[in-house]
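To start, the structure under review is shown below, and the notes come after it.
Read the figures in this text as sums done on the coordinates, not as results from a lab. This is a predicted model, so every value here is computed, not measured. Reconstructed Cβ throughout: ideal geometry from the backbone, glycine too, with neighbour counts over all protein chains shown.
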Amino acid sequence: MTNKIKNIGIITSGGDAPGMNACIRAITRTAIYNGLNVFGFKKGFNGLIENKFTPLHSKDVSNIIQRGGTILKTARSEQFLTYEGRKKAYDNLVKNNIDALVAIGGDGTFTGASVFIKEFNIPIIGIPGTIDNDLFGTDNTIGYDTALNTVVEAVDKLRDTASSHGRLFVIEVMGKDAGFIALRGGIATGAEAILIPETKTYIDHLLEKLHKNNNKKKASSIILVAEGDDFGGAYKVAEAVKNKYPFYDIRVTVLGHIQRGGSPSARDRVLASQLGAGAIDFLVKGEKDVMVGLIDKRLALTPFSQAAKHNKEFNQELLDLAEILAV
Ligand code: F6P
């Protein structure tokens, strides 16, 4: 351990994700174990700019491993996008003798952190916390597994009512740039079609497939659409189907922010604990400007610049499988 780091700050930033609290707990307790003092800054980067923080002791993170959301609150900070905002943040860190930061968040968080490091040379380690799973350098992000299970539970319920009425449901899930939730959610619920931002949606192909399914007298159909799909979302898809096949009884459900809440799954709690502890270990060894992830069960570091969302490949084989299984 270097002697340099004595006081660390934690922020949660961007969209919240189930498991962030478990991660705050792990960071805090591993830091204390290593003789460090811990401070939780409120509402992401805004807390640094506005100097809003609270010391975190072991007992302050008791009884939070199972809670959704983030006790530190979160935000997408507009002020941190400006140099003036970042300078204020730096001045406050110096004033409070904070030597390093751990930032739990997604792409926007890491982009901001990276600029901050370059300008002010503050050590920052990132931890992937987003339901979207769209970060390169980790098999899963914290919150993804819980969100996926929330989607599966909701779609199963919708399937019950869809098949009772013989209806077509178009269901929209989160993922404005990535279809990880839609793809695995669709496979797990036996969706008849999955539309994701990573591939172009050919609506005629979809309509033809539905027509064939209808000829086979499927009791119900589910189309799972990621919010960022290029065709424009669930309502647009439903409209296109209705225009071509007016006889379909169609309902649209947008699952929305329910996907971001709830008690984290066991997988997310364990992942959050491993990554939180790993972040402190790497930080005291002098690492910075990197995200700590878990690849094939091992901790791995990825520079912030590479962790960016569009680098993570989606699994074409899974999409092909969904097509086969929907015959
Ligand atoms: O980044 C996670 C995410 O849930 C996206 O899937 C979604 O597009 C976005 O956040 C919505 O964020 P908000 O409503 O907080 O602006």
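Count the net charge of all other residues whose Cβ sits under 12 Å from the Cβ of His57, scoring Lys and Arg as +1 and Asp and Glu as -1. Net local charge, His57 excluded: +2. Against the compact-protein benchmark of 2.2 N^0.38 Å, the Cα-based radius of gyration of the stretch 171-327 scales to 1.28. Computed over all pairs of different Cα atoms, the Kirkwood value for the hydrodynamic radius of the stretch 145-260 is 13.8 Å. Note on the chain: GNM, Cα springs under 10 Å; of Leu275, Leu207, Leu195, the largest mean-square fluctuation is that of Leu207. Computed on the chain, with alpha-carbon pairs under 8 angstrom and 6+ residues apart, the relative contact order is 24 percent. Entry note, the chain: the mean residue ellipticity at 222 nm calculated from DSSP H runs of n ≥ 4, each adding -39500 (n - 2.57), is -13000 deg cm²/dmol after division by the residues and rounding to the nearest 500. Build a GNM of the chain with springs between Cα atoms under 10 Å apart, and of Ser263, Ser221, Ser163 the one that fluctuates most is Ser163. For the chain, the pair-distance distribution built from all alpha carbon pairs, in bins 10 Å wide starting at 0, is 6, 26, 29, 18, 13, 6, 1, 0 percent. Magnitude of the charge dipole for the stretch 80-130, about its Cα centre and with charges confined to Cβ atoms of Lys, Arg (+1) and Asp, Glu (-1), is about 100 debye. Looking at the chain alone, DSSP beta bridges between its own residues are antiparallel in about 20 percent of cases. GNM remark for the chain: springs join alpha carbons under 10 Å apart, and the peak mean-square fluctuation among Glu287, Glu198, Glu239 falls on Glu239.
At q = 0.30, 0.31 Å⁻¹, work out log10 I(q)/I(0) for the stretch 109-162 with the Debye formula, treating every Cα as an identical point scatterer and leaving solvent out; two decimals please. Once normalised to I(0) and log-transformed, intensities are -1.06, -1.09. Computed across the stretch 48-99, the Kirkwood hydrodynamic radius from all distinct Cα-Cα pairs reaches 13.0 Å. Reported to the nearest whole Å, the Cα centre-to-centre distance from the stretch 28-78 to the stretch 248-306 is 17.
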